[in-house]
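Below is one structure, written out as structure tokens; comments come after it.
The values are calculated or read from the model by the stated rules, or taken from the named source; none is laboratory data. This one's a predicted model, so the numbers in the text were calculated from it and none came from an experiment. All Cβ positions, even for glycine, are placed from backbone atoms using ideal geometry, and neighbour counts span all protein chains on display.
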Amino acid sequence: NAGVTQTPKFQVLKTGQSMTLQCAQDMNHEYMSWYRQDPGMGLRLIHYSVGAGITDQGEVPNGYNVSRSTTEDFPLRLLSAAPSQTSVYFCASSRLAGVGTQYFGPGTRLTVL
Amino acid sequence: AQKITQTQPGMFVQEKEAVTLDCTYDTSDQSYGLFWYKQPSSGEMIFLIYQGSYDEQNATEGRYSLNFQKARKSANLVISASQLGDSAMYFCAMSAQGAQKLVFGQGTRLTINP
């Protein structure tokens, strides 16, 4: 099993550009989520999904969009990148929502100029 | 709402000593989970240990144990016989039944000195 994979590992964007961060898991987990980590801080939830076709907002959803067409994939779209979105982005999945253990991908380091 | 507090921004420990990383939490939920994650300098988030709120025994995973004191709302991580490879950021986190997210503390940077 590859676990949770994320692409790309690094990305530099200009203000106003859009892009999609990819996330995939091969563990047949129902629950998937996106977090961002800013310097010196813990992780904050952006969006999450409890199954294919179902998504919802987390703590910091503005400027991001998600969809979940399959159990395996959960892409995160930046609609119009801003310097405030410079961060490290982590995708995570778990078998169960709520108290289920979440397993994280390796992260994507995004810089917006 | 859930909240996690880690009061130690940084800790320095000699190799082979035991170390305790503090974590206190706040929640009104009866059913919740407590987690510790390790983030080495390479950046990935590594799951270490989990404690459920109804678990009567403290969780253990190899050299890691979770000192769970429910009445005090604390969930400290204990690392026995520390190693140089334990140097990393450590995050305490919690989730609650029906809450679709992990809430993280700000982390503790642990440095193991040879």
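With the structure loaded, tell me whether residue B:107 is under 25 Å from residue A:39 (Cα atoms), within 14 Å of chain A (Cβ to nearest Cβ) and surrounded by fewer than 18 Cβ atoms within 10 Å (Cβ to Cβ) or whether it fails that test.
For residue B:107, the condition - under 25 Å from residue A:39 (Cα atoms), within 14 Å of chain A (Cβ to nearest Cβ) and surrounded by fewer than 18 Cβ atoms within 10 Å (Cβ to Cβ) - is not met.
Please tell me if residue A:72 is among the acidic types (Asp, Glu), in contact with a strand residue (DSSP E or B) (Cβ under 7 Å, 6 or more places away or on another chain) and at pLDDT 95 or above.
The answer is yes for residue A:72.
Might you let me know whether the range A:21-31 holds any residue that is within 11 Å of chain B (Cβ to nearest Cβ) and either within 13 Å of the chain's Cα centre (by Cα) or in a strand (DSSP E or B) (or both)?
Yes, the range A:21-31 contains at least one residue that is within 11 Å of chain B (Cβ to nearest Cβ) and either within 13 Å of the chain's Cα centre (by Cα) or in a strand (DSSP E or B) (or both).
For every residue, the table says whether it meets (1) over 10 Å from the mean Cα position of the chain (by Cα); (2) of a type outside the set (Gly, Ala, Ser); (3) farther than 30 Å from residue A:9 by Cα; (4) not in a loop (DSSP other than H, G, I, E, B).
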residue: B:7; (1), (2), (3), (4): yes, yes, yes, no
residue: B:13; (1), (2), (3), (4): yes, yes, yes, yes
residue: B:20; (1), (2), (3), (4): no, yes, yes, yes
residue: B:25; (1), (2), (3), (4): yes, yes, yes, yes
residue: B:28; (1), (2), (3), (4): yes, no, yes, no
residue: B:34; (1), (2), (3), (4): no, yes, no, yes
residue: B:38; (1), (2), (3), (4): no, yes, no, yes
residue: B:49; (1), (2), (3), (4): no, yes, no, yes
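Working only within the range B:21-59, note down all residues that are exposed (fewer than 14 other Cβ atoms within 10 Å of the Cβ), without any contact (Cβ under 8 Å) to a residue 12 or more places away in the chain and more than 24 Å from residue A:38 (Cβ to Cβ).
B:28, B:56, B:57
If you take the residues in the range A:1-22 that are out of contact with any Lys or Arg (no Cβ under 9 Å at 6 or more places or on another chain) and surrounded by 17 or more Cβ atoms within 10 Å (Cβ to Cβ), which one is nearest to residue A:110 (Cα to Cα)?
Taking the candidates together, the pick is A:13.
Evaluate the range A:47-66: report whether one residue or more is within 12 Å of another protein chain (Cβ to nearest Cβ), assigned to a strand (DSSP E or B) and hydrophobic (A, V, I, L, M, F, W, C).
Within the range A:47-66 (the criterion being within 12 Å of another protein chain (Cβ to nearest Cβ), assigned to a strand (DSSP E or B) and hydrophobic (A, V, I, L, M, F, W, C)), the answer is yes, since at least one residue qualifies.
For the range B:52-114, which strands (runs of 3 or more DSSP E) that fit wholly inside it have 3 or more residues that are under 20 Å from residue B:18 (Cβ atoms) and over 12 Å from the mean Cα position of the chain (by Cα)?
Because the criterion is at least 3 residues that are under 20 Å from residue B:18 (Cβ atoms) and over 12 Å from the mean Cα position of the chain (by Cα), the strands (runs of 3 or more DSSP E) in the range B:52-114 that meet it are B:108-113.
Before we move on, is residue A:77 assigned to a strand (DSSP E or B), of a type in the set (Lys, Arg) and in contact with a strand residue (DSSP E or B) (Cβ under 9 Å, 6 or more places away or on another chain)?
So residue A:77 passes the test.
Which condition does residue A:64 not pass, out of (1) under 25 Å from residue B:36 (Cα atoms); (2) within 12 Å of the chain's Cα centre (by Cα), if it passes all the others?
So the condition that residue A:64 fails would be (1).
Just give me the residues in the range B:60-99 being free of Cβ contacts under 8 Å to residues at least 24 places away in the same chain and surrounded by 17 or more Cβ atoms within 10 Å (Cβ to Cβ), in sequence order.
Matches in the range B:60-99: B:65 only.
One line per residue, one yes/no per condition, for (1) over 13 Å from residue A:6 (Cβ atoms); (2) buried (at least 22 other Cβ atoms within 10 Å of the Cβ); (3) without any contact (Cβ under 8 Å) to a residue 40 or more places away in the chain:
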| position | (1), (2), (3) |
| --- | --- |
| A:24 | no, no, no |
| A:34 | no, yes, no |
| A:58 | yes, no, yes |
| A:63 | yes, no, yes |
| A:67 | yes, no, yes |
| A:74 | no, yes, no |
